[in-house]
């Protein structure tokens, strides 16, 4: 951690991304006069001093501070080790690695509030490929001035040396960078940042957004400060491992650690029962592949429950097809085409069971059970194996089939049926999930919904029988475009997969696990009280707001567990009033497309839409960035059967455990603030509905931070930073 009493006054520490990195260093950060961007002095890590000009510490540019922090982190490690004449001196590697990290960080901050353009070397080190050996030699003439002169004498500038450096950089280039960049790797296009606003497809950031009102755990959340700090620790280990050419073993160990911690959380014997995957849809592919390994090797009929309330790509994945135009490991795949190695697709390969009728009401439980049974019996008569889904929960909080029905199906169709639980919302007691696995069901979970980890961290938890199948048949060869050996248990099935570890997935899981483990430190009864306090406060606020209509969801019916909290409805779905109505008029909701517009405007700073004196008391509401659950289409009788857009305010694990910065607040005060934020969101919805046409003409974009904060919004995407076209 940074050791300086003066550090608290430095403005850069108001930025959670820089503060988290600074807290991982063992240096003293001071302001002083120096001829270069920074200087490091001292011979041991506990006496190192990182010196910046006073103006830089207070006003930036931030990338210079990030450069100094990164070099300090790498330099600390080098000083603790004996260097044994490597082909490229460690200090040279560290200097260029820190420069690349600084360059990528500068690209994230590009465009807002910069007083001057950065040096030429910054754009060269931020490119998609390393600069040539000759260019590296030129860059070194600048980089070495940032180091104590006595430390640079051993790096004699010769072309062969920089050719070796170039070779090392070529191998390590995709793995060098700040957490914000590395955490976006190994997903698909939905993780990439919109170049206009610095947010991804979900309206999230890979940096913390403590200034935003965030209740989006039914969809996705920006990384928390706790999660960012935990993932940063793993990233630092990776950056240091790169210097010693041992990054592969380090990432394999980190992947094993994630699988082990997930196994512990859910009461499994070990990490050999855990498969990591970027998303719940990737988990669907893994579940189908293992179902096709059924003892009789029969083709599979996959029975989905309400795919319209899970994920858009799930029906394609359930048929063994590419569900998007790219994957975690391949930039281009033919969406909709069969993945090589999966069984032939028949007409009845995927069957859908709906949870809602055309008017939006729930399907009667007896009818749903009858439909599931009919699909299963028809598939088994046709000589097929069944993969039946249990959904817990849908996007609007529904679950099916119920436990009694599933137990009956398990007894009747045991030899011909596998059951996989879609628990990707993860709004469940860990012991309940462990019980399902013990009963022979596989379970799909994510760390990115209830647990509020970064989007795109999923896992498939395996019962013993499913794990045993992996010791026999190989996986479909086409899965190499989706997964690597490090994300799966050690088994024969994975011999066709890549041995490259998905570092972005590991970093995202590190952040999510920090939230999961913070939640476990709170007694279950206290978890329940905190959830009840928040949810009752939000329901009351919705009842008082004439511009929203709460959609009552049934209380989840689950078997009783001691001190359980998962029999509560933690997703509050609601409709927003269409513009042009008065509070006394019949409630006509926003149709789905307009609800999507509202969803985006909530996450935008609306103050520029209005004059400085127009809003008065509403100014704070207009400027608040609000991130809630994406709208889900639900049939509406008020719209003649057309779909309305149901928005969602959800209680997540982070709401229960709080952030470390909340440590000085009592639980009651903190929850009161959370409820006040929810009221502000409802007030902003009213503001938008009452000024719809005016806001529509402006059509403001969501932003990472409000315009008044000295935190620049990114101006180009991660794909552009990595040199992709």
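Given 542, 516, which one is more than 30 Å from residue 340 (Cβ to Cβ), in contact with a strand residue (DSSP E or B) (Cβ under 6 Å, 6 or more places away or on another chain) and in a helix (DSSP H, G or I)?
542
For region 708-722, state whether one or more residues are in a helix (DSSP H, G or I) and modelled with pLDDT of 90 or more.
no
Test residue 517 against the stated conditions and say whether it is surrounded by fewer than 21 Cβ atoms within 10 Å (Cβ to Cβ), assigned by TED's automatic domain parsing to the domain that holds residue 563 and either free of Cβ contacts under 8 Å to residues at least 24 places away in the same chain or within 26 Å of the chain's Cα centre (by Cα) (or both).
no
Residues checked against (1) surrounded by 22 or more Cβ atoms within 10 Å (Cβ to Cβ); (2) in the same structural domain as residue 426 (by TED's automatic domain parsing):
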position	(1), (2)
230	yes, no
233	no, no
260	no, no
281	yes, yes
295	no, yes
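Determine whether region 330-346 contains at least one residue that is closer than 12 Å to residue 305 by Cα, at pLDDT 90 or above, surrounded by 14 or more Cβ atoms within 10 Å (Cβ to Cβ) and in contact with a strand residue (DSSP E or B) (Cβ under 8 Å, 6 or more places away or on another chain).
Within region 330-346, not a single residue is closer than 12 Å to residue 305 by Cα, at pLDDT 90 or above, surrounded by 14 or more Cβ atoms within 10 Å (Cβ to Cβ) and in contact with a strand residue (DSSP E or B) (Cβ under 8 Å, 6 or more places away or on another chain).
Would you point out which residue out of 481, 459, 439 is surrounded by fewer than 22 Cβ atoms within 10 Å (Cβ to Cβ) and under 23 Å from the mean Cα position of the chain (by Cα)?
Numbers: 459 fails: surrounded by fewer than 22 Cβ atoms within 10 Å (Cβ to Cβ); 439 fails: under 23 Å from the mean Cα position of the chain (by Cα).
481 is the lone residue from the list that is surrounded by fewer than 22 Cβ atoms within 10 Å (Cβ to Cβ) and under 23 Å from the mean Cα position of the chain (by Cα).
Take residue 304 and decide whether it is in contact with a helix residue (DSSP H, G or I) (Cβ under 7 Å, 6 or more places away or on another chain) and within 18 Å of residue 392 (Cα to Cα).
Yes, satisfied.
What are the pairs, 6+ residues apart or on separate chains, where a residue within region 639-668 that is within 25 Å of residue 576 (Cβ to Cβ) has its Cβ under 9 Å from a residue that is exposed (fewer than 15 other Cβ atoms within 10 Å of the Cβ) and at pLDDT below 90?
Close Cβ pairs (under 9 Å, with a partner that is exposed (fewer than 15 other Cβ atoms within 10 Å of the Cβ) and at pLDDT below 90) amount to 641/358; 641/359.
Read through the list (1) in a loop (DSSP other than H, G, I, E, B); (2) in contact with a strand residue (DSSP E or B) (Cβ under 8 Å, 6 or more places away or on another chain), then give the number of the only condition that residue 258 fails.
Against the list (1) in a loop (DSSP other than H, G, I, E, B); (2) in contact with a strand residue (DSSP E or B) (Cβ under 8 Å, 6 or more places away or on another chain), residue 258 comes up short only on (1).
Here is a check on your reading of the model: is residue 303 surrounded by fewer than 16 Cβ atoms within 10 Å (Cβ to Cβ) and touching a residue at least 24 places away in the same chain (Cβ under 8 Å)?
In short, no.
Sort through 17, 46 and tell me the only one that's touching a helix residue (DSSP H, G or I) at 6+ places or on another chain (Cβ under 9 Å) and either at pLDDT 50 or above or under 19 Å from residue 80 (Cβ atoms) (or both).
Just a single option satisfies the conditions, and that option is 17.
Spot the failing condition for residue 287; the list is (1) in a helix (DSSP H, G or I); (2) surrounded by fewer than 24 Cβ atoms within 10 Å (Cβ to Cβ); (3) at pLDDT 95 or above; (4) in contact with a strand residue (DSSP E or B) (Cβ under 8 Å, 6 or more places away or on another chain), and only one is missed.
(2)
When you check residue 656 against the structure, is it buried (at least 21 other Cβ atoms within 10 Å of the Cβ), in contact with a strand residue (DSSP E or B) (Cβ under 8 Å, 6 or more places away or on another chain) and either over 29 Å from residue 196 (Cα atoms) or at pLDDT below 90 (or both), yes or no?
no
The values are calculated or read from the model by the stated rules, or taken from the named source; none is laboratory data. Quick caveat: nothing in here was measured; it's all calculated off a predicted structure. Don't worry about glycine lacking a Cβ; one is built from the backbone with ideal geometry, like all the others, and counts go over all protein chains shown.
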